[in-house]
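Asker: Handing you this structure, nothing more for now.
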Amino acid sequence: MSMIAKAWLALMALTGGTLAVVSLADHLPHGLLAFTVFAVAGVKAWLILVYFVGIGRDASGWRTILVVYLMILCGLLVAFIALSCASAGLCPATS
């Protein structure tokens, strides 16, 4: 089996895992749910960049830039969700 097929299967498994976690949304803290979803999204983005876009070993400068960008993007999204959760009084720590 080729590496692209393995990456595709991993992406499908991660999507299924995300759907399973989101189906438990009523039983999980909002912060943990957001962290899990964005962590999986980051792994999926990394797999797409490496195996489908071709940002591999040869493009270390681009790889570094894109990894930093993904980390900042996911971090900002989690922070915005945490802020909106806290301002709406939905977080367990504020209620």
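Asker: Just to be sure I understand the filter: pairs with C-beta atoms under 9 Å, separated by 6 or more residues or on different chains, first member in region 13-27 and under 16 Å from F38 (Cβ atoms), second member outside any helix (DSSP H, G or I) and at pLDDT below 90. Which pairs pass?
Answerer: From residues that are under 16 Å from F38 (Cβ atoms), the pairs are V21/L28.
Asker: Another one. If you check A88 against the conditions, is it farther than 21 Å from M12 by Cβ, modelled with pLDDT under 85, surrounded by 15 or more Cβ atoms within 10 Å (Cβ to Cβ) and among the small types (G, A, S)?
Answerer: Judged against the criteria, A88 is not a match.
Asker: Just the residues that are under 30 Å from G54 (Cβ atoms) and free of Cβ contacts under 8 Å to residues at least 24 places away in the same chain, please, taken from region 66-90.
Answerer: L66, V67, V68, Y69, I72, L73, G75, L76, listed by residue number.
Asker: Let me ask you something else. Taking the condition of being buried (at least 16 other Cβ atoms within 10 Å of the Cβ) and under 25 Å from M3 (Cα atoms), how many residues in region 51-75 meet it?
Answerer: Looking only at that region, the number is 5.
Condition check ((1) farther than 26 Å from A82 by Cα; (2) more than 14 Å from the chain's Cα centre (by Cα)) across all residues:
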position	(1), (2)
L11	yes, no
L33	no, no
A41	no, no
F52	yes, yes
W62	yes, yes
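Asker: Just the residues that are in a loop (DSSP other than H, G, I, E, B) and either farther than 19 Å from V78 by Cα or of a type in the set (V, I, T) (or both), please, taken from region 11-67.
Answerer: G54, I55, G56
Asker: Which of the residues belonging to region 29-38 are surrounded by 14 or more Cβ atoms within 10 Å (Cβ to Cβ) and without any contact (Cβ under 8 Å) to a residue 40 or more places away in the chain?
Answerer: L33, T36, V37
Asker: Looking at this structure, is G54 at pLDDT below 80 and on the phi > 0 side of the Ramachandran plot?
Answerer: Here the answer is yes, as G54 does meet what is asked.
The values are calculated or read from the model by the stated rules, or taken from the named source; none is laboratory data. Since the model is a prediction, treat every value here as computed from it, not as a measurement. Quick reminder, even Gly has a Cβ in these numbers, built from the backbone with ideal geometry, and neighbours come from all protein chains shown.
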